[in-house]
Every structure is written in structure tokens, then in C-alpha cells.
Amino acid sequence: MTRVTARSDEFPLDVDLMSVGQLERRGRLTTAVVEMLAEMPSDRIQMKDVSERSCVALGTLYRYFPTKQQLLAAAMTAWSGLESVRRPEKLRADGGENNAYERVLALHRREMKAFERRPYFARLEIELHSSSDQFVIESLDLRAAAHRRMLFELMDGVPAETARVAAVAIGGTMLTALALWTSGRIGFAEAQRNVEDVIGLVIR
């Protein structure tokens, strides 16, 4: 596993300041990385290959993302968004998940299944957590905050302090489970069971 520790004083271009054309090019870059991560681990992805696949000039790529770690983090955010299209209200409408425990369990089963189908994304998730790049750290924090908000919505009716502790416990267990699974120390079934056991302990 490649340890992502590079530090950069440069930030990617701010999406809030981008034109429509710039946003489209940025989207092509992150889409290219998402596609490549379905085929290979992050340490085999080269910036020049992303440039070629996205049809964005290499110099332009570096203006958008000064470091590979920043590009990987942005791609992970994009992939997480695609994998989270089912919002809490959709979970409630599915019929089978009619209480907080069942809704949270259903969400995490889908999330773990997405990582099982795309193990290189699981490995990258662990790698990004070792980065000292400020943009990467902020990207992780923003994704974590969005995930907590979703959990809180799914735990509607659960006391606030219980929901807070549950979110911390579930998030930490899932990250540990992914780390153990991607390093080959446990199988996927055990990784998923670990997460489900903690959900049952903290919510039911």
C-alpha cells in the first residue's frame, strides 16, 4: 500500500470560482481517475495518463490539481457522491427499513458493498487518511461531515447524544474494517460483520 504523505502549500483551483468550462474540465479529470481506479490501484495511476484519458493538457491538469494526492481526493469525493445517490428519504421510502437501526444498517451494507465491488477505492480511502496535504484533509473532513448529517437523518428519533456517539463509533469501525480488509488481515465478510455488530450495539 502506498502511504500518501506528501505535503503541498498549493491548493487546487476553487470550484466556486470556476467557469462552466473549467468545471467541465475538472469533471473530466475526476471522472478519468474514477474510471482508472476501477481498473488499477492508485499507485499505478500517473498524471500523464489521466491527462491523456481526460483529454485535458498535462499543464492544465497541474493548474487544477498541483499534486496527485489532491486529484485522488477529489476523485474519491466524486465517486462517493455517485455512490450516495440514495438519500435518507429514499431509504425510508423503500419499505423494509422502517426504524433507525434498519435504515443505518441498510446504508452501511450498501456502502460496504460498493467498496467490495471496487476494492481499489477502499484502499485509497485508507491511504488518504494518512495524508498531510491540507486539501486532502479538508476533503476528508467535508465527506465525513456530510456522512454524519446523513446518519443523523437516518437516526431520526434517536436521542442526540446517542446518535453522536453512534456516528463516531460506526465511522471509526468502518474505517478500521476497511484497513484490515484491504491489508489482507481479515476477509470482507468479517469486515462487514464488524461494522454491523457495532451498529447493533450503539443503536438497537
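Just to be sure, is L142 modelled with pLDDT of 95 or more and touching a helix residue (DSSP H, G or I) at 6+ places or on another chain (Cβ under 8 Å)? In short, no.
Yes/no per residue for (1) open to solvent by 80 Å² or more (accessible area, probe 1.4 Å); (2) aliphatic (A, V, I, L, M); (3) at pLDDT 90 or above:
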{"residue": "A74", "(1), (2), (3)": "no, yes, yes"}
{"residue": "T77", "(1), (2), (3)": "no, no, yes"}
{"residue": "L82", "(1), (2), (3)": "yes, yes, no"}
{"residue": "R87", "(1), (2), (3)": "yes, no, no"}
{"residue": "L91", "(1), (2), (3)": "no, yes, no"}
{"residue": "D94", "(1), (2), (3)": "no, no, no"}
{"residue": "A100", "(1), (2), (3)": "no, yes, yes"}
{"residue": "M112", "(1), (2), (3)": "no, yes, yes"}
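Cβ-Cβ contacts under 8 Å between residues 6 or more apart (or on different chains), taken from a first residue in the range 190-204 that is more than 12 Å from L180 (Cβ to Cβ) to a second residue that is among the charged types (D, E, K, R) and open to solvent by 30 Å² or more (accessible area, probe 1.4 Å), are listed as E196/R109. Within the range 12-45, the set of residues being farther than 17 Å from T77 by Cα and exposed (fewer than 12 other Cβ atoms within 10 Å of the Cβ) comprises L17, S19, V20, G21, E39, M40.
Of all residues in the range 147-168, those that are in contact with a helix residue (DSSP H, G or I) (Cβ under 8 Å, 6 or more places away or on another chain) and open to solvent by 30 Å² or more (accessible area, probe 1.4 Å) total 9. Return the total of residues in the range 116-142 being over 16 Å from V34 (Cα atoms) and open to solvent by 70 Å² or more (accessible area, probe 1.4 Å). Here the count works out to 5.
Considering every residue within the range 151-158, establish whether at least one is under 18 Å from S80 (Cβ atoms), of a type in the set (A, V, I, L, M) and in contact (Cβ under 8 Å) with a residue 12 or more places away in the chain. Scanning the range 151-158 turns up at least one residue that is under 18 Å from S80 (Cβ atoms), of a type in the set (A, V, I, L, M) and in contact (Cβ under 8 Å) with a residue 12 or more places away in the chain. Taking each residue of the range 176-188 that is open to solvent by 40 Å² or more (accessible area, probe 1.4 Å) and looking for partners that are outside any loop (DSSP other than H, G, I, E, B) with beta-carbon atoms closer than 6 Å, six or more apart or interchain, yields W181/F188; W181/A191.
The values are calculated or read from the model by the stated rules, or taken from the named source; none is laboratory data. A quick note: this is a predicted structure, and the numbers were derived from the prediction, not measured. We place every Cβ from the backbone using ideal geometry, glycine too, and count neighbours over all the protein chains shown. Heavy atoms of the whole protein, side chains included, go into the accessibility calculation; ligands, DNA and RNA do not. Shrake-Rupley method; radii C 1.70, N 1.55, O 1.52, S 1.80 Å.
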